[in-house]
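**Q** Sharing a structure here in structure tokens format.
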Amino acid sequence: MAPHTEQLTRPAVQLRGLTRSFEGRTVLDGIDLDLPAGQFTALLGHSGSGKSTLLRAVAGLDPEVGGQLTAPARVSVVFQDSRLLPWRRVLDNVLLGLDGKDTERRGREALAEVGLEDRERAWPNELSGGEAQRAALARALVREPELLLADEPFGALDALTRIRMHHLLRELWERHRPSVLLVTHDVDEAIVLADRVLVLEHGRIGLDVRIDRDTPRSAYRERLLAALGVTEDPR
């Protein structure tokens, strides 16, 4: 597999013939895909369809994937679990692995952006689920990523907290404009957040939809659910 490029290219991510198998079962079957710089893309699919496998490949975390992959040098990943180290305070978690004279200032600014300016000295176990995910977002953003990968980052949150996190993520994306690839099983979340929605089916991209904010969400919802094989109860 080709290594990640050192400079941002157009498109930001380019996949050619991407393949991945596990014990003889093909999960990714020769995927060709371009993700333009600055685009917010959501990836839908059934459980076990390979969504997280594709994200891990783009992140450069899977050495067994085949095909060609081009991606930016600066990539950050946000998972469903915030993955904060319990023995480090919030600011220290945000700055993990970074050095330089201005890193502490940048960490504080990142925490302020996600509304945690008063929690930098807190321990992770003192945070709510939403606060922990905001800290994870701050940790990702302080690295000034060209590509932000998010693997069901709001799946464990309650409904109201999810809505708040949707607003926050969209706001942060509009401010910083990284390319975003969001893996989710939630059709409504994909429509609300993304400018483009992909459906992964049988190891390939089965549907590629551009989201127009002036078009009613219901039109996209019906089409995407149908692609996932879901028929809503009309009652």
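The values are calculated or read from the model by the stated rules, or taken from the named source; none is laboratory data. Quantities reported herein were computed from a predicted structural model and do not represent experimental measurements. Don't worry about glycine lacking a Cβ; one is built from the backbone with ideal geometry, like all the others, and counts go over all protein chains shown. Just so you know, the surface numbers come from the protein's heavy atoms only, side chains and all, with ligands and any DNA or RNA stripped out. Shrake-Rupley method; radii C 1.70, N 1.55, O 1.52, S 1.80 Å.
**Q** Comparing 115, 30, 97, which has the greatest mean-square fluctuation in the GNM of the chain with Cα pairs linked when under 10 Å apart?
**A** 97
**Q** Given the peptides 82-88, 165-171, arrange them by the average over their residues of other C-beta atoms within 10 Å, most packed first.
**A** Answer by packing, highest mean first, reads 165-171, 82-88.
**Q** For residue 207, what residues show an amide H to amide H distance below 5 Å, using hydrogens built from the backbone and excluding near sequence neighbours?
**A** 199
**Q** Considering only the chain, what is the antiparallel percent among its DSSP beta bridges, to the nearest 5?
**A** 50
**Q** Considering amide H positions built from the backbone, and no H for Pro or chain starts, which residues 5 or more places from residue 65, or on another chain, come under 5 Å of its amide H?
**A** Amide H to amide H, under 5 Å and 5 or more residues apart or across chains, residue 65 pairs with nothing.
**Q** Decide, for the stretch 17-62, between rounded, prolate and oblate: order the square roots of the alpha carbon gyration tensor eigenvalues as a ≥ b ≥ c, take rounded if a/c falls under 1.5, and otherwise choose prolate if a/b is larger than b/c, else oblate.
**A** In terms of gyration-tensor shape, prolate.
**Q** Here's another thing I want to ask about it. Under 5 Å between amide H atoms, partner at least 5 residues away or on a different chain: which partners does residue 89 have, H built in plane at 1.01 Å?
**A** none
**Q** Shifting gears a bit: Just check the stretch 124-235 against the gyration tensor rule for me: Cα atoms, a ≥ b ≥ c as the square roots of the eigenvalues, rounded for a/c under 1.5, and otherwise prolate or oblate depending on whether a/b exceeds b/c.
**A** prolate
**Q** Quick one: pull the percent of accessible area on the chain belonging to carbon and sulfur, 1.4 Å probe, ligands and nucleic acids left out.
**A** After summing per-atom areas, the C and S share lands at 46 percent.
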